[in-house]
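The values are calculated or read from the model by the stated rules, or taken from the named source; none is laboratory data. Small disclaimer: the values here were computed from a predicted structure and weren't measured. All Cβ positions, even for glycine, are placed from backbone atoms using ideal geometry, and neighbour counts span all protein chains on display. Each accessible area value is taken on the protein alone, full model and side chains, heavy atoms only, with ligands, DNA and RNA left out. Shrake-Rupley method; radii C 1.70, N 1.55, O 1.52, S 1.80 Å.
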Amino acid sequence: MASTSTSLIPLRGHGRKASFSSSPAKTALKKALRFSFSSRSSVVICVKSSSGAVKYNEVVVDEEMDKIRRLQNGSDVRGVALEGEKGRTVDLTPPAVEAIAESFGEWIIKALQKERGRPVEDVTVSLGKDPRISGASLSVAVFAGLARAGCLTFDLGLATTPACFMSTLLPPFAYDASIMMTASHLPYTRNGLKFFTKKGGLTSPEVEEICDKAAHKYANRLTKVSTMLNSPPKKVDFMRAYAKHLRDIIKERVNHPIHYDTPLKGFQIIVNAGNGSGGFFTWDVLDQLGADTFGSLHLNPDGMFPNHIPNPEDKTAMALTRAAVLENTADLGIVFDTDVDRSGVVDNNGNPINGDKLIALMSAVVLKEHPGTTIVTDARTRAYMVVKIIIEMVRMRLEGSDEGIGSLIKDLEEPLESIELRMNIISEPKYAKARGREVIEAFRSYIEEGQLKGWELDACGDCWVSEGCLVDSNDSPAAIDAHMYRAKVSNEKNEEIGWVHIRQSIHNPNIAINMQSSVPGGCQLMTKVFRDKFLLASGMGKTLDFPQVDKYARLGKMG
């Protein structure tokens with residue numbers, strides 16, 4: 001077997017063909033260089049055999065491209081931007097971000113040309129970010145990539161995800177597209193990108209297309225990010241305009257008969273921003289509308305998130321907000337996630353309202369305005385809900401009610417038991433998604449084959465969102481972000497005792513299991529069946545690390 005050696009050949013150029021001195025390897029090397037050269041230094045990795053022949057190491061290229069493809073998380077891009085997470089290496093690097101931003105810029109230009117039927121010029125893209133400490137260096141990479149694509153760039157600075165989207169609509173800004181740099185509620189070591197056009201957020205297939213193009217760029221360059229910007233981004237104070245937009249909505253919808261400009265006068269509202277981007281809502285929206293916000297928590301942006309996970313589903317975040325509401329006898333508490341595209345509230349009696357309860361509350365608000373409306377939701381809850389809740393709270397007061405916003409769902413029937421469990425996928429990162437899909441498909445097969453007695457599928461999996469079983473009747477259905485199935489579970493008497501929902505995490509290599517039951521011990525019983533009759537019996541357990549499932553099956557509790 002011939003021996004081999006690896007060499008690194010630096011190439012420089014500016015869109016020109018490389019020239020090589022005459023040598024026996026000249027022809028072979030030319031054939032090996034399949035990619036076009038970037039406008040700055042790049043590195044091509046070659047393998048040289050003992051015979052002197054040179055060929056491109058495609059294994060290395062595939063691995064470099066996979067690094068970018070693995071950054072896609074549904075309709076977002078997310079990765080590790082800083083060292084500090086055990087078992088995770090930095091993969092969201094400036095070079096990766098630059099390649100993704102450039103591909104997004106090219107994607108936007110192409111989409112606009114197709115839409116308008118002509119070449120486009122001066123395509124504008126804005127960038128906002130949450131306070132993560134990796135934001136500064138990655139922002140440079142985003143602006144460099146967009147500039148390479150030929151876009152004009154605008155720097156929103158500290159911003160929120162809803163604000164970035166609105167920057168594509170609100171005059172006089174109305175940018176062609178926007179990017180929000182955030183990793184939502186994930187640790188400070190993470191970061192990511194969310195993409196918007198005037199039509200809304202991009203779909204998973206669209207982000208997949210962008211990441212695939214970026215992967216080719218990244219593998220071609222194999223060098224560091226551009227450090228020079230020929231055209232620096234223009235800084236704009238969009239958040240001031242966005243805050244005014246929210247204030248105007250509240251004033252117009254409340255239409256207070258006495259103090260129109262300060263409709264929140266007489267209300268005390270506690271905000272817990274989790275040291276994310278949501279502090280502006282306190283001083284630029286609520287305070288300006290006359291609210292008393294004394295007692296608000298963690299308003300100062302801090303990319304290390306020192307107090308608690310900035311997540312309305314976090315128990316600490318909700319508990320601290322509840323305590324502040326009760327201590328100050330406030331009318332409402334608000335909890336934002338880092339980038340303010342998810343929220344939860346606490347009513348005046350200290351009742352936490354988040355997740356499904358928040359959707360129920362919003363449904364009640366909408367049904368008051370539009371009786372008979374069919375409510376269609378997904379698992380994501382947006383911060384605009386808070387504005388709607390505040391408006392309804394004031395309207396109730398004007399109508400003579402002092403019950404508080406929580407009274408709208410006081411008759412809501414809740415499950416006797418509810419639990420969420422996570423199973424980590426044991427796999428190299430690049431195989432994790434496929435492994436998770438295998439587990440979830442095996443779950444479907446086991447139920448369809450009758451191997452889980454009393455379990456029946458009541459929703460399809462890898463499909464689309466609409467009424468009933470997640471089927472979209474549109475001519476061009478939009479794919480969902482995560483692979484999932486749900487099963488109804490009945491006992492030996494054919495009495496339904498609850499349901500089990502299994503889905504692949506969009507952002508992490510794990511599988512989430514949600515259960516609800518109407519009978520005592522129902523969730524533990526379903527967990528035992530899931531562990532013994534599916535995970536262990538099918539062999540899928542070898543692909544997973546599931547201590548939460550095992551513990552709950554044994555003890556019936558997680559604490």
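Checked against (1) in a strand (DSSP E or B); (2) β-branched (Val, Ile, Thr); (3) under 26 Å from Thr160 (Cα atoms), Ile419 passes all but a single condition, namely (3). Tallying residues that are open to solvent by less than 70 Å² (accessible area, probe 1.4 Å), in contact (Cβ under 8 Å) with a residue 24 or more places away in the chain and not in a loop (DSSP other than H, G, I, E, B) within the stretch 536-547 yields 5. Count of the stretch 501-535 residues, restricted to those that are touching a helix residue (DSSP H, G or I) at 6+ places or on another chain (Cβ under 7 Å) and open to solvent by 10 Å² or more (accessible area, probe 1.4 Å), is 5.
For the stretch 325-382, name all the residues that are β-branched (Val, Ile, Thr) and open to solvent by 70 Å² or more (accessible area, probe 1.4 Å).
Restricting attention to the stretch 325-382, the residues satisfying the condition of being β-branched (Val, Ile, Thr) are 325, 329, 334-335, 338, 340, 345-346, 353, 359, 365-366, 373-377, 381.
The answer is Thr329, Thr374, Val376, Thr377.
Return a yes/no flag: does the stretch 234-241 have any residue that is without any contact (Cβ under 8 Å) to a residue 60 or more places away in the chain, touching a helix residue (DSSP H, G or I) at 6+ places or on another chain (Cβ under 8 Å) and within 27 Å of Pro172 (Cα to Cα). Yes, some residue in the stretch 234-241 is without any contact (Cβ under 8 Å) to a residue 60 or more places away in the chain, touching a helix residue (DSSP H, G or I) at 6+ places or on another chain (Cβ under 8 Å) and within 27 Å of Pro172 (Cα to Cα). Per the conditions (1) farther than 30 Å from Thr153 by Cα; (2) surrounded by fewer than 20 Cβ atoms within 10 Å (Cβ to Cβ); (3) not acidic (Asp, Glu), the sole criterion not satisfied by Lys244 is (1).
Of the residues making up the stretch 97-134, those that are crowded, with 20+ Cβ neighbours inside 10 Å and farther than 26 Å from Lys199 by Cβ are Pro131, Arg132, Ser134.
Scanning the stretch 257-280 for residues being closer than 18 Å to Phe305 by Cα and either aromatic (Phe, Trp, Tyr) or at pLDDT below 95 (or both) gives a total of 1. Test Ser167 against the stated conditions and say whether it is open to solvent by 50 Å² or more (accessible area, probe 1.4 Å) and among the polar types (S, T, N, Q). When the stated conditions are applied, Ser167 does not pass them.
How many residues are out of contact with any Pro (no Cβ under 6 Å at 6 or more places or on another chain) and either over 8 Å from Gly274 (Cβ atoms) or charged (D, E, K, R) (or both) when one looks only at the stretch 307-321? Before the answer, list the steps.
To start, the set of residues in the stretch 307-321 that are out of contact with any Pro (no Cβ under 6 Å at 6 or more places or on another chain) comprises 307-317, 319-321.
Pick out the ones that are also either over 8 Å from Gly274 (Cβ atoms) or charged (D, E, K, R) (or both) and you get 312-316, 319-321.
Of the residues in that region, 8 qualify.
Taken over the stretch 424-453, residues that are in a helix (DSSP H, G or I), touching a residue at least 60 places away in the same chain (Cβ under 8 Å), farther than 20 Å from Ala487 by Cβ and open to solvent by 80 Å² or more (accessible area, probe 1.4 Å) amount to 3. Somewhere in the stretch 297-309, is a residue open to solvent by 20 Å² or more (accessible area, probe 1.4 Å), at negative phi, in the same structural domain as Met385 (by the TED database) and modelled with pLDDT under 95? There is at least one residue in the stretch 297-309 that is open to solvent by 20 Å² or more (accessible area, probe 1.4 Å), at negative phi, in the same structural domain as Met385 (by the TED database) and modelled with pLDDT under 95.
Filter the stretch 173-216 for residues that are of a type in the set (D, E, K, R) and crowded, with 22+ Cβ neighbours inside 10 Å and give the result.
Arg190, Lys194
Scanning the stretch 242-270 for residues being in a loop (DSSP other than H, G, I, E, B) and among the basic types (Lys, Arg) gives a total of 1.
Hand me the list of strands (runs of 3 or more DSSP E) wholly inside the stretch 105-183 holding 3 or more residues that are modelled with pLDDT under 95. Full working, then the answer.
On the way: elements: 124-129, 152-158, 177-181.
Filter on the stretch 105-183 gives an empty set.
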